1. Give the relative contact order (percent, whole number) for the chain; include only Cα pairs under 8 Å separated by 6+ residues.
2. What's the long-distance tail for the range 333-621, i.e. % of Cα pairs beyond 28 Å?
3. With a 10 Å radius around each residue's Cβ, average the other Cβ atoms per peptide and rank 676-686, 318-328, highest first.
4. Highest first, please rank the peptides 369-378, 180-189 by the mean number of other Cβ atoms sitting within 10 Å of their residues.
5. Evaluate the relative contact order of the range 351-445 (contact order divided by residue number), counting alpha-carbon pairs under 8 angstrom at least 6 apart; express in whole percent.
6. In deg cm²/dmol and to the nearest 500, what is the mean residue ellipticity at 222 nm of the chain if only DSSP H runs of at least 4 residues count, each as -39500 (n - 2.57), divided by the residue total?
7. Counting only residues 5 or more places away or on other chains, whose amide H sits under 5 Å from the amide H of residue 295 once H atoms are built in the peptide plane?
8. So if R0 is 51 Å, what FRET efficiency would residue 663 and residue 171 give, r being the distance between their Cβ atoms, rounded to the nearest 0.05?
Amino acid sequence: MFRGRGSFSLFLTILSSAPLLSVLMPLTARALEDTDIPTDAPDDAVMASPVEIRQMQDWASAIFTGQRLPGGGSAIHDELRRQDQGAPQRPKEDTQPLLMTATPFSFRYNGAASSNFLSDWQRTVEPNDSASCRSWQVHWQDPKTGLRLSVAVKAFKRYPAVEWVLEFENRSTEATPLLEDIQPLDTQLRTGDLRQAVRLHHLVGDVCGERSFFPLETEVEPGKAMVLAPEGGRASNGAFPFFNVQYGDEGVLSAIGWSGQWQAALNRSPTGATSLRAGMEKTSLRLQPGEKIRTPRILVLPWKGDLLAAHNRLRRLLLFEYAPRQGRRPIRLPIALQCFDRYVSARPDWGTETCQIQAAKAARDLGCDSHWLDAAWFEGGFPNGVGNWFCTPGRFPNGLKPLSDACHQMGLKLILWFEPERVAAGTQIAREHPEFVFGGEKGGLFKLNDPVARRWLADLLSRRISEFGVDTYRNDFNIDPLAFWRAADAPDRQGSTEIHYVEGHYALWDELLARNPGLSIDNCASGGRRIDLETCKRSVTFWHSDTGCSPGHADWNQTQSYGLNLYVPLFAGCAWTPSAYDVRSAATAGLICQFAFLDPDFPTNAARAALQEVKENQKFWYGDFYPLTPCVLGAGALIAYQFHRSDLDSGVVLAFRRAECSNSVLQASLRALRPDSTYQVEFISESLARTQRNLPGSRLMSDFELRLPTRGSSLLVRYQRLNVPR
């Protein structure tokens, strides 16, 4: 029997359980409908108290605007006044958890630290509240050089979270003095007790391997520092811009919105206090007359008490305040057939109109809702043809409209692959517009930092989206941009190319979405290497790692799903076979299939059954995530996790016994149930055999046995609260 242990040292109880009873009728389940996707987070125990929310609103108003919020006093303002008067700080429990009451950003200007002069600049405040946020636009103006700093601040009304982003503008007719070391997040945390550990919870990021998105816990000892940064300028390449700093039973969840080379540093002093800084890795530049630049976006969500509740609070915040929406609801993820990696080399006719319409019909017959055409439609193919964003004439003589028309007639959406930021030598863009490319006619990185080039590209892509009838624009990015950015910077302009490139990236996506109503964006960068707060606002990652480009990685999908779900609610992975183990390992709120549907012995009925199960489970990924075991690497592991919808009083559990695991039983304790209620529980084995029982919530929360008798197998458990008093 395996002793289940929840993430972050949440131990589960080991108790016995009665045997399962077979029944004839399965628990009621149906495919996802739009109304199954919630419009907002439920009011339940996961949500913060009004006091916690008000504390963060007070904190934001006091720190950024210097003004009290209406409706009463503010402990934050009182603390600031005490500091101004030189009085000692109040005990930690009387102030906002962990976050200090000081300006939470910094920069150096003309050799001086902003903390030494910002109070001398004129500050103006423009409130601009919305239904979901208290918002302010705060401006500081340097009377000497014409530099203006603007900070857009949001304090959420249902979450104890604050978001901000800085913008600098040169309003003079001359270049500014040097602006350096811009840290949009620079704050001290109240961690003065040396006996209490400071722990950083973070993810590896995508490394296209077993450790992609693996959760890590690092203790930051007094006198030591921990630095996080991606590789090569793609936001989640090897590091992940979402993390959690824990100090005892409280902490701060943080997210960075920057699709470039960010850096975060956690430094605990020898006396115990901890600084948290985040921004671009390198900034040292003079702004030209009229020039504006922005910084990474920062989000902080302090918490106390239950660490997993805090993570689910962040998931809800991202799901309902950041994720793309379709109408009133968060976006619905696809179940798509995509066989580029399987068939593009094996089938010379794969990239043709005839074969793609055949594949779309197969997608419909299997129960998919989308057909995905990857890098097999443009002249020159992948990778040598990137930069030729027109169809190969002999293969798609009428463009892609016949394919999208066929998809739409069958009730399918069309997902189409592009890689507009990489330009191969000899392609149309390299030949006709070398001025738009870092590398010129030899190819390289497209200059999204150039407004003229970006507008030209936006026009081209929008035309293709419209004339091809594309429903989801897939933006891949298989090139590290950092070397191009830094090579283009003058000594007194370090960071400027990256800043304007990232600004251009957001402007491009925003324009495509505005010009093509109903369009969705699939965010790919050699898999999940550009996931950050800003891309999560505009897109969803349908392909969380390029480990999906080949079969045999079901165990890795489990690990990747586990890690990502701690922070990001919406993403999808790839299954190569219709086996329950493979599909359950990859499926989330969506699924990408690389099934061998053209093989004569392909098990079509099994694939249909597997996808039907995915559809029935989709709605639960719009709920809360609870690990039931540690996240463990290797074939000897047993791993399990739970998704729960408190608004439906129902959920699912997924358990996986890997190929070399010696444990056949997991004793688990489910979360977020009602102990005094009865639940209808259905167990669905690897072979899709079903057993069903009615169990009290108290049993499921403390004495719940999961049996996986076969190595290399999975178990799906669905539960639903019954309206029957216990």
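1. Relative contact order here is 14 percent.
2. Here the tail beyond 28 Å accounts for 37 percent of pairs.
3. The densest-packed peptide leads the list: 676-686, 318-328.
4. Ranked by mean Cβ neighbours within 10 Å, highest first: 369-378, 180-189.
5. Relative contact order for the range 351-445 comes out at 27 percent.
6. -6500 deg cm²/dmol
7. For residue 295, whose amide H was placed from the backbone, the distant partners under 5 Å are 166.
8. 0.20
Readers should treat all values here as calculations from the given coordinates under stated rules, not as data from a laboratory. Note that the structure is a prediction, hence the values are computed from the model and not measured. Every residue, glycine as well, gets a Cβ built from its backbone with ideal geometry; the counts of neighbours run over all protein chains shown.
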